[in-house]
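To keep things clear, I will list the structure first and then write my remarks on it.
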Amino acid sequence: MILLVMSGCVKELVPEDNGYQPKVVLWAMLSSDSVVKVITSGNRGLSDKDVVNIPAIDMFLYENDIMIDKIYSQSISSDTQSHYFDIKPKSDNTYTIKLFNQSIEITGIVKLPQPLLVPEMIKLSQGENAQLEYTLKDDINFEDAYQFDVIIYQIGTLTDTSDNSVIDINYKIIKKYDRYDEPTLNYNLLGLNNLAITDFTFPVNDNLFNGKKKTFLFTVQNPVTDVFIIPRTILSGPPVSDQFKCRRMFIVIKCRKITPEYYKFLISENKNSSIFGTPYFNPTNVYTNITGGLGLVSGMDERHDTIWIRK
């Protein structure tokens, strides 16, 4: 009887409307190498009907608080859209992107870093686990961070060993670095630092430099020989191998200096990714520097260095 009475007093839990509204998402990565590309989309609300639909909004680009370009009557929906300012940003300048109409105003601000200087040293050893050393001197006037992408290219002749016929006189083998040694990072990199050709390393904050030189170590393949046997899978018959004779071999090092805004975004996003599946579930708000919406406006400077091993 007591249980029946108590159960009759229990109210059904009904989801309450917390007032969440769909928001505009604004993304922009400014670089002196290209025009300003602004990507917009809409972050949905609580239901499928809560979507962003702005048929007309004006977009303005400011350089050091002076308007230098504008785009009128752009539309923003929940789908991703690209908008272009025909301006190439300049190093060490501050840029503001504003989107507004009669009802909303969205703003993002970023200061671009100085160009990356020539590295102090690039050194490569030989062997199957060769060490590539890349030494930079930090810019003490800018709170930046650094990312890398190291790719090995081998170009030569590929021959069928069964009949000595030439398969390709300009065969390419493209391989990413095997390992990136940065023991001072304390983040779970498994989901971010994979071996895809186009991926950059997780960013290293300039606090590791303190205005001094720092050497970054990559493990790469730098074989002594220039002849390689490559097994080939066939449908039937005895196994067949191809012979690759390397004529040219070089390594391209892409070093990217990113602004603190992008670094803070990656750090906060990575913290959220690393805590899922653990008992210490405490999500972190992903960093944003957009007022009136969501997203990020950031900047970078990138340089490419090539090490020729065989020309």
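A few notes on this one:
- When residues of region 32-84 are limited to those that are among the acidic types (D, E), in contact with a strand residue (DSSP E or B) (Cβ under 9 Å, 6 or more places away or on another chain) and part of a loop (DSSP other than H, G, I, E, B), the one modelled with the highest pLDDT: D65
- For region 226-257, the set of residues classified as of a type in the set (S, T, N, Q) and touching a residue at least 40 places away in the same chain (Cβ under 8 Å) consists of S241, Q243, listed by residue number.
- Lone qualifier among P115, P89 - being buried (at least 16 other Cβ atoms within 10 Å of the Cβ) and part of a loop (DSSP other than H, G, I, E, B): P89
- Residues in region 118-166 that are touching a Pro at 6+ places or on another chain (Cβ under 9 Å), closer than 12 Å to I253 by Cβ and surrounded by 18 or more Cβ atoms within 10 Å (Cβ to Cβ): Y134, L136, Y146, Q147.
- Search result, residues across region 37-73 that are of a type in the set (A, V, I, L, M), closer than 27 Å to K111 by Cα and free of Cβ contacts under 8 Å to residues at least 40 places away in the same chain: L61, I66, M67, I68, I71
- Number of the exception - I234 against (1) at pLDDT below 85; (2) under 24 Å from the mean Cα position of the chain (by Cα): (2)
- Those residues of region 112-132 which are within 26 Å of T259 (Cβ to Cβ) and either of a type outside the set (A, V, I, L, M, F, W, C) or touching a helix residue (DSSP H, G or I) at 6+ places or on another chain (Cβ under 6 Å) (or both), in sequence order: P113, Q114, P115, P119, E120
- For V297, the test of being at pLDDT 85 or above, of a type outside the set (F, W, Y), closer than 20 Å to D149 by Cα and touching a Phe, Trp or Tyr at 6+ places or on another chain (Cβ under 9 Å) is failed.
The values are calculated or read from the model by the stated rules, or taken from the named source; none is laboratory data. Keep in mind it's a predicted model, so treat the numbers as computed, not measured. Cβ atoms come from the backbone with ideal geometry, glycine included; neighbour counts cover every protein chain shown.
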